[in-house]
Each structure stands twice: as C-alpha cells, then as structure tokens.
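Participant: One structure follows; several queries about it will come next.
The values are calculated or read from the model by the stated rules, or taken from the named source; none is laboratory data. A quick note: this is a predicted structure, and the numbers were derived from the prediction, not measured. Cβ placement follows ideal geometry from the backbone for every residue including glycine, while neighbour counts extend to all protein chains displayed. To get the accessible areas, we keep the full protein, side chains included, count just its heavy atoms, and leave off ligands, DNA and RNA. Shrake-Rupley method; radii C 1.70, N 1.55, O 1.52, S 1.80 Å.
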Amino acid sequence: TESLTVAELAKKLHREPSEIIKKLFMLGVMATINQSLEKDAIELVAGEYNVEVEEEILVDITDLEALVTNDDEANLIERPSVVTIMGHVDHGKTTLLDSIRNTKVTEGEAGGITQHIGAYQVAVNDKKITFLDTPGHAAFTTMRARGAKVTDITILVVAADDGVMPQTIEAINHAKAAEVPIIVAVNKMDKPAANPDRVMQELTEHGLVPESWGGDTIFAPISAKTGEGIDSLLEMILLVGEVEEYKANPNRKAVGTVIEAQLDKGRGSVATLLVQNGNLKVGDPIVVGNSFGRVRAMVNDLGRRVKEAGPSTPVEITGLNEVPQAGDRFIVFEDEKTARQVGEARAQIQLASQRSEKSRVTLDTLFEQM
Ligand code: GTP
Ligand code: MG
C-alpha cells in the first residue's frame, strides 16, 4: 500500500495542506505537512471529498466507468446477445421488429398487454435474444457519442426490391466503427421485384461479402411481412452469439445503460435500463447518469413486475430523483448514502460544466461548486 505525505495528499485533492491538516484533526489525527499518512488516514480524508482511494491512485468516484470492476473469467457465464436493427427508410425495420416480437411471444402472453419499454427479449431454442427497439441510428449515434456500447450484433435490413441506399451505407459505417458484427437481412423477398443477387452484389462493394461468395457475412433472405425466413435469421443470431461468446457475471451488482427515459405524470422518472452485467434488484441503491435513487419497481418487456433482472435484460424502473438520458450509464451501489453522494456530485459537475461552457470538467470545478 502506498503512503502519501499530507502535502502530497492535499495536492491530489486540490486543497490547501492546512485544510487537510484541519480535516485530519477533526478526524482525530494530529499531523504535520510533511508527515506520511497510511492508507486508512488517506481513505478517511479522501472520503470527506467524495474521492475513493483505489490501489495506488485516487479515483474520482463521480466517474461511473472508473467504478466498474472487472470480473474474474471464472465468474462469467453466457448471456443473451443484444441486437439492433438498422437500415434505410421503409426497408422494413419496424415490420421486422414487430414480426419477431409477435411470432416469438409465447402463448398466454400473446394478446396480453404488451407494454412498450424500448426493448424486448425473445426465446429461441431455449436461448434468449434481446432486441433494442430504438431506431438503430439513434441508438448508435447518441449512445456512442456518450461512450456507451450496448449493441452486440446489428441486423442490416435491405429491401430486396430497392437495394443498397444511402442509409444502408450509413448503417454499415456505424456498425464498422463500433466493431459490431453485421447480419444482412434481405427483406421483402415476397415481392415479385425482389432481387437478392443485386443486394449481395451491391453490399460486396461495401465490404460485406456473402459466405456463399467466399466472404464471411451472413445473408438471410426474409419477408418481415409473411414471416418467411425469420426463424433462420434468429438462428443466425444465436450462431453469431455463440461464436462471439458474449458473457457476463450474474452474481454482482448491476451496471448497464439507459435505453430511454421519460417523466411520467403518475410514476415520476421512468427509465428503461439494459442490464449489461450483474443482477439488478428492486431496492438497489443506484446512480443513473446524473440521477440517483433506489429501484422502486421494475417492469419487464411484457409489462410484468419483476424483482430482479440479469445480464442483457431490459427493464423499466422507477424511483429516480431525475430523468436520465438515453446512453447514460447506471451503477448499483452498496448503500444509498454513497449512491446519493455520487449522484449529487455528478449533477453538480453537470451544472458546473453548463455554467463554464467548458467541455472538460476537472475535480477542481467540482470542488468549486461544493
Ligand atoms: P422507417 O421507420 O420509416 O425507416 O421504415 P421501416 O424501415 O421501419 O419500414 P417499415 O417496417 O415501416 O416498412 C415500410 C413498408 O414496407 C410498410 O408498408 C411495410 O408494410 C412494408 N414491408 C415491410 N417489410 C415487408 C416485406 O417483407 N414485404 C412486403 N411486401 N412489404 C414489407
Ligand atoms: Mg420504422
């Protein structure tokens, strides 16, 4: 373990040494400026400033990403793939999402209240796949701009009677930039004018070469309208998931990303979260972007109340003090007090950055606000 002098600690915390000495005195530790402090004392003082001591450095506890602990390989198990659908206008993205949802919702659930929460899960051959409802482009641009990565696999929908169009190319570029595998769904195969060969030809020019032509891109001919080919498309998704081996630890505190959020008149802040690792439970103290609270109620994609949600599961939660934004990260904390501290500090940082109009926010600006 590292030790620091009072002067060094003061510098790391952006405070005057005299203030640190005072803080130490209040905490019952008598110290001089050049005195070396042990880890316990450093942690005590740092805690007073919302800063967590981790190994050899001081970590800003308002940086949610820095707080995500890595998992031991031994604790990881397979998790469902998270899929986004992208493609040109009118090529059939919404029809495909609806079709998958309707064909795969099990008996008894069909006809029930299917609540829209921005994402849903389907079961295929005893395995699950999570689909994000958000238009692919928005999911990629807003989420990636905020540093979040939620999608594992992209389904690129191309209408067989229309071929590659500007937004098709845009979608390819987004997926490539995010290093997300692409499965091509050649849609509208039921139409007399369907020409899948042309789609393959055009996509080859953009680096997506079908397996049948010696490349490594999966092409699935489908009709989102009649349902033809959708089962094999889903099997292709499972296949890619198996190859990529998406994994998570279901036995840790949850972390993930906001899919969408809004203010509901009756329920307050309502957010759809995608749990990306760990297990989210009702009652968990949580920080979501710049908001915080305790998970009051959780509803799954079928509109049912659930008590917990594991990796790759989308759930809608209530209980936050503010409305977070799509792409915001969330983290569950050990206790409510810490969640509140971190949430409030993050809200302060946001205020500070809005005021100063500086994009870079340092600990200094945070402390000035406090
Ligand atoms: P935007 O959200 O506007 O970008 O469009 P979209 O990609 O979601 O397309 P959408 O699912 O709304 O479909 C556009 C039109 O194509 C609708 O009239 C659909 O009924 C029709 N359509 C979608 N898939 C098929 C298909 O497989 N066959 C046929 N014949 N029509 C389809
Ligand atoms: Mg649509």
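Quick grid of which residues meet (1) outside any loop (DSSP other than H, G, I, E, B); (2) away from ligand 1 (no atom under 14 Å from the Cβ):
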| position | (1), (2) |
| --- | --- |
| ILE183 | yes, yes |
| ARG198 | yes, yes |
| GLU202 | yes, yes |
| HIS206 | no, yes |
| SER223 | no, no |
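Participant: For region 241-259, which residues satisfy the criterion of being of a type in the set (Lys, Arg) and either within 23 Å of ILE117 (Cα to Cα) or open to solvent by less than 10 Å² (accessible area, probe 1.4 Å) (or both)?
Facilitator: Just the residues of region 241-259 that are of a type in the set (Lys, Arg), to begin with: 247, 252-253.
Within region 241-259, LYS253 is the sole residue that qualifies.
Participant: Is one or more of the residues making up region 212-219 within 16 Å of ligand 1 (Cβ to nearest atom), in contact with a strand residue (DSSP E or B) (Cβ under 8 Å, 6 or more places away or on another chain) and not in a loop (DSSP other than H, G, I, E, B)? Quick ask: steps written out before the conclusion?
Facilitator: To start, the set of residues in region 212-219 that are within 16 Å of ligand 1 (Cβ to nearest atom) comprises 219.
The next check asks that each one be in contact with a strand residue (DSSP E or B) (Cβ under 8 Å, 6 or more places away or on another chain); those that pass are 219.
Retained after the next criterion (residues that are not in a loop (DSSP other than H, G, I, E, B)): 219.
Yes: one or more hits.
Participant: Moving on. Filter region 314-344 down to the residues that are buried (at least 20 other Cβ atoms within 10 Å of the Cβ), assigned to a loop (DSSP other than H, G, I, E, B) and under 15 Å from the mean Cα position of the chain (by Cα) and list them by number.
Facilitator: Residues satisfying the conditions are PRO324, ALA326, GLY327, ASP328.
Participant: Among the residues of region 183-207, count how many are surrounded by 20 or more Cβ atoms within 10 Å (Cβ to Cβ) and either free of Cβ contacts under 8 Å to residues at least 40 places away in the same chain or over 18 Å from VAL164 (Cα atoms) (or both).
Facilitator: 3
Participant: Under 6 Å between Cβ atoms, which residue pairs at least 6 apart in sequence (or on different chains) link something in region 223-236 that is farther than 12 Å from ILE100 by Cβ with a partner that is away from ligand 1 (no atom under 15 Å from the Cβ) and open to solvent by 10 Å² or more (accessible area, probe 1.4 Å)?
Facilitator: Taking only residues 6 or more apart or on different chains, the pairs are MET236/ILE218.
Participant: Here's a check for you: in region 118-155, which residue that is open to solvent by less than 50 Å² (accessible area, probe 1.4 Å), part of a loop (DSSP other than H, G, I, E, B) and within 17 Å of LEU96 (Cα to Cα) is modelled with the lowest pLDDT?
Facilitator: Here is the first cut: in region 118-155, the ones open to solvent by less than 50 Å² (accessible area, probe 1.4 Å) are 118-122, 124, 129-134, 136-140, 143, 148, 150-155.
The next check asks that each one be part of a loop (DSSP other than H, G, I, E, B); those that pass are 118, 133-134, 148, 150-152.
If we keep only those that are within 17 Å of LEU96 (Cα to Cα) too, we end up with 118, 133-134.
On the way: GLY118: 84, ASP133: 79, THR134: 69.
So the residue we want is THR134.
Participant: A follow-up question, please. Which of the residues belonging to region 19-34 are touching a residue at least 12 places away in the same chain (Cβ under 8 Å) and open to solvent by less than 70 Å² (accessible area, probe 1.4 Å)? If you could, list the steps in order and put the result at the bottom.
Facilitator: Taking region 19-34 as the starting set, the residues that turn out to be touching a residue at least 12 places away in the same chain (Cβ under 8 Å) are 20-21, 23-24, 27, 29, 31-34.
The answer is ILE20, ILE21, LYS23, LEU24, LEU27, VAL29, ALA31.
Participant: A further question follows. Would you mind stating whether ASP98 is surrounded by fewer than 19 Cβ atoms within 10 Å (Cβ to Cβ), modelled with pLDDT of 90 or more and either more than 16 Å from ligand 1 (Cβ to nearest atom) or under 18 Å from SER81 (Cβ atoms) (or both)? Break it down into steps so the answer makes sense when it comes.
Facilitator: Numbers: surrounded by fewer than 19 Cβ atoms within 10 Å (Cβ to Cβ): yes; modelled with pLDDT of 90 or more: yes; either more than 16 Å from ligand 1 (Cβ to nearest atom) or under 18 Å from SER81 (Cβ atoms) (or both): no.
Here the answer is no, as ASP98 does not meet what is asked.
Participant: Does region 53-60 contain at least one residue that is open to solvent by 80 Å² or more (accessible area, probe 1.4 Å), closer than 24 Å to GLU334 by Cβ and at pLDDT 90 or above? Walk me through how you get there before you give the answer.
Facilitator: Here is the first cut: in region 53-60, the ones open to solvent by 80 Å² or more (accessible area, probe 1.4 Å) are 55-57.
From what's left, closer than 24 Å to GLU334 by Cβ: 55-57.
Adding the requirement that they be at pLDDT 90 or above leaves none.
No: region 53-60 contains no residue that is open to solvent by 80 Å² or more (accessible area, probe 1.4 Å), closer than 24 Å to GLU334 by Cβ and at pLDDT 90 or above.
Participant: Next question, about the same structure. Within region 77-95, which residues are more than 9 Å from ligand 2 (Cβ to nearest atom), modelled with pLDDT under 95 and part of a loop (DSSP other than H, G, I, E, B)?
Facilitator: Within region 77-95, just HIS88 meets the criteria.
Participant: Return the only residue of GLY229, GLY215 being on the phi < 0 side of the Ramachandran plot, small (Gly, Ala, Ser) and open to solvent by less than 30 Å² (accessible area, probe 1.4 Å).
Facilitator: Values: GLY229 fails: on the phi < 0 side of the Ramachandran plot.
Only one candidate passes the filter, namely GLY215.
Participant: Same structure, new question: Is it the case that PRO311 is under 25 Å from ASP71 (Cα atoms) and either of a type in the set (A, V, I, L, M) or surrounded by fewer than 24 Cβ atoms within 10 Å (Cβ to Cβ) (or both)? Give the steps one after another, and end with the answer.
Facilitator: Values: under 25 Å from ASP71 (Cα atoms): yes; either of a type in the set (A, V, I, L, M) or surrounded by fewer than 24 Cβ atoms within 10 Å (Cβ to Cβ) (or both): no.
Taking the combined requirement at face value, the residue does not satisfy it.
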